[in-house]
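*Asks:* One structure coming up, written as structure tokens, with questions to follow.
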Amino acid sequence: MASSSSKTAAPTASSPPSSATASPASSFRQRPWVRWGAPLLLVVGLAVLPLVMTESANDTLARIGVFAVAVLGLNVVMGYTGQVSLGQIFFLGLGAYVTAYGVQSGWNIVLVFALTCLIPAVAGLLVALAAARLGGLAIAMVTIALPIVGVPLAKRLSDFTGGSQGLSARFVEAPEGSGLYDDQWQLYLVLVIGGIVFLLTYFLVRGKYGRAFAIVKGNENVASSMGISPYRYKVLAFTIASLIGGVSGFLYMVVVQYTSPETMSFGHSIELLVAMVIGGAGSIVGSILGGVFYVVVPDVTNAIDPSLTALLQGALLLAVLFVLPGGLVSLPRAVMRGLRRSSGGRGSAAPPTTPSSTTGSGTAAEHIQTERHGHA
């Protein structure tokens, strides 16, 4: 009897309980036509979108793309590596000034774009070499100084920056014969350049460098014991974030076509930080949601009451921090978790608890039953 019962119980014990429920969704996502079809559908949709939307909508989407790239750079240094940076807006402003000066000087636009990437990256590298050895509030103070120093510096270097008046540069008219309006051409430039930046950053954080960033963020002592230099990867992350900030400055001039010292003010740096937290730290999609927040929410609050803009943004930040600590990107997971809990609560009632099913009584009963078998 004992052998027959063990034979009947063996298949039940060996069958995996969760594979049956997890396999349909995972197998669907792993199908080749799903893995390749979804990105292709997204690309086709983005290619058609500028052609069917109004001029104001194209302008809004372009500005969202600009600041989504800026939030992405901040996410690299804060969300993925765990450093505190409050000066990301400085690199956006620096890239915008380099672009405006190069265009007004008649430089080739490819050279302007290369310098827009290189100069902020070098500036970020120099700052990181000095600040990455610091930690906590010390590195925060160093990055705070960037926009605070950058604004008066831009005003004083009037030969290069135009002083308080700023610089304007119009260089992205739609090519003749393309049949596109200027707003459509600008949005296409933002989608292409921004999409490449997002794609490269995705591969970066999903590869070995992203794993090293995560280890450094988790525990620097553990990273050092594994042969990963926290200082090296902090410098690398800060440099990459500065480069991405320069690219966002180039795109800023593509869309806005004007920059001034106000562009790199400290208030805008705090708004970028808030956008990253609300969108979702350490998330590619969260960076896009952060760009949406940075552009759309001020427009909505200004339409309601311009004097309540800061108050409404602060209230929204507190609400997201309390309800969704992971940012808006965690909303689908929170909704699914709530649905599972509610469906579990409405499910069949649990079987009645018997004295033998409790922890203490179950152990005692098994012990007594073992002793009886031993005496037998």
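The values are calculated or read from the model by the stated rules, or taken from the named source; none is laboratory data. Just so it is clear, the structure is predicted and the values come from calculations on it, not from any experiment. We place every Cβ from the backbone using ideal geometry, glycine too, and count neighbours over all the protein chains shown. Accessible surface areas use protein heavy atoms only, side chains included; no ligands, DNA or RNA. Shrake-Rupley method; radii C 1.70, N 1.55, O 1.52, S 1.80 Å.
*Asks:* When the accessible area of the stretch 36-77 is computed with all protein chains present and a 1.4 Å probe, what percentage of it is carbon and sulfur?
*Replies:* Of all accessible area on the stretch 36-77, carbon and sulfur atoms account for 80 percent.
*Asks:* Tell me the carbon and sulfur percent of the accessible area for the stretch 171-295, rounded to whole percent, probe radius 1.4 Å.
*Replies:* Carbon plus sulfur share of accessible area: 63 percent.
*Asks:* Here's a follow-up. What does the charge count around T81 come to, taking other residues whose C-beta lies under 13 Å from its C-beta (Lys +1, Arg +1, Asp -1, Glu -1)?
*Replies:* On the way: positive: R211, K217, R232, K234; negative: E220.
Net local charge, T81 excluded: +3.
*Asks:* Short version: ³J(HN,Hα) in whole Hz for each residue of the stretch 100-113, in order, from phi by Karplus 6.51 cos²θ - 1.76 cosθ + 1.60 (θ = phi - 60°), x for Gly and Pro, what are they?
*Replies:* So the Karplus estimates, Gly and Pro as x, are 5, 5, x, 5, 5, 7, x, 6, 4, 5, 5, 5, 4, 5 Hz.
*Asks:* Hey, which aspartates and glutamates would be in cross-link range of K208, C-alpha to C-alpha under 20 Å, not counting anything within fewer than 8 residues on its own chain?
*Replies:* Hits, sequence-local ones excluded: E220.
*Asks:* Shifting gears a bit: Rolling a 1.4 angstrom probe over the protein heavy atoms, how many square angstrom per residue are accessible across the stretch 41-90?
*Replies:* Roughly 37 Å² per residue, with all protein chains present.
*Asks:* Also, I was wondering about something else. Using a probe of 1.4 angstrom, how much of the accessible area of the stretch 85-141 is carbon and sulfur, in percent?
*Replies:* Answer for the stretch 85-141: carbon and sulfur cover 77 percent of the accessible area.
*Asks:* Which aspartates and glutamates, if any, have their Cα less than 12 Å from the Cα of K155, not counting same-chain residues under 8 positions apart?
*Replies:* E262
*Asks:* For the stretch 30-136, what is one quarter of the convex hull surface built on the Cα atoms, given in nm²?
*Replies:* Projected over every direction and averaged, the Cα hull of the stretch 30-136 covers 10.5 nm².
*Asks:* Please calculate how many Å² of accessible area the stretch 198-261 carries per residue, with a 1.4 Å probe and no DNA, RNA or ligand atoms counted.
*Replies:* Spelled out: the 1.4 Å probe surface of the stretch 198-261, per residue, equals 45 Å².
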